[in-house]
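Okay, so here's the structure we're looking at.
The values are calculated or read from the model by the stated rules, or taken from the named source; none is laboratory data. All values reported here derive from a predicted model rather than from experimental measurement. Cβ: placed from backbone, ideal geometry, glycine included. Neighbour counts: every protein chain shown.
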Amino acid sequence: MTRQLMIILSAGGSTALLAGAFLFQALGYPPCAMCLWQRWPHVAAIVIGVIALRYGGKLWPVMGALAAATTAAIGIFHTGVERDWWEGPSSCTGGGALDGLSGADLLTVTGPRVVMCDQVSWEFLTLSMASWNALWSLLLVVGWLLAARLNDGSTTKGSSLTA
């Protein structure tokens, strides 16, 4: 397995998770603020993957691992907020202000749907979307770190994989 393949798999994993988030949104599960925060590191990981494939080196896979670790950390924090393990930001939990919404927005049926960060809107096998993002993102961290350790695919002729 080469560094390039692991970069493709790791950046592709972020692409798949981001696509899944947009699919759920299209299916009627609007994201809360913390859900949106989890998307940005995936975007960064995708961009880092493209740069890493173009320029090579070990720095870019390490940066990809940091991006994946960031979204995993946000996902873990979000999971804790959903499960009442700790307080979340007041701007997106039950006690927060509803910035940007007028009284008319709150009274209309067709107004924007307010999604609170401390409410689970979908779960599978007792894990919320934030929990699944955290788990898969931790796996991506491993992929990125493996990419940093592997060679760049430019092995010399006659080299072997055995010691």
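Within region 17-49, restricting attention to residues that are among the small types (G, A, S) and surrounded by 14 or more Cβ atoms within 10 Å (Cβ to Cβ), the residue that is farthest from E87 (Cα to Cα) is G49.
Filter the helices (runs of 4 or more DSSP H) completely within region 1-120 down to those with at least 3 residues that are modelled with pLDDT under 90 and among the basic types (K, R). In region 1-120, no matching helices (runs of 4 or more DSSP H) lie anywhere. Within region 1-16, can you find the residues that are surrounded by fewer than 16 Cβ atoms within 10 Å (Cβ to Cβ) and among the aliphatic types (A, V, I, L, M)? Matches in region 1-16: M1, L5, A16.
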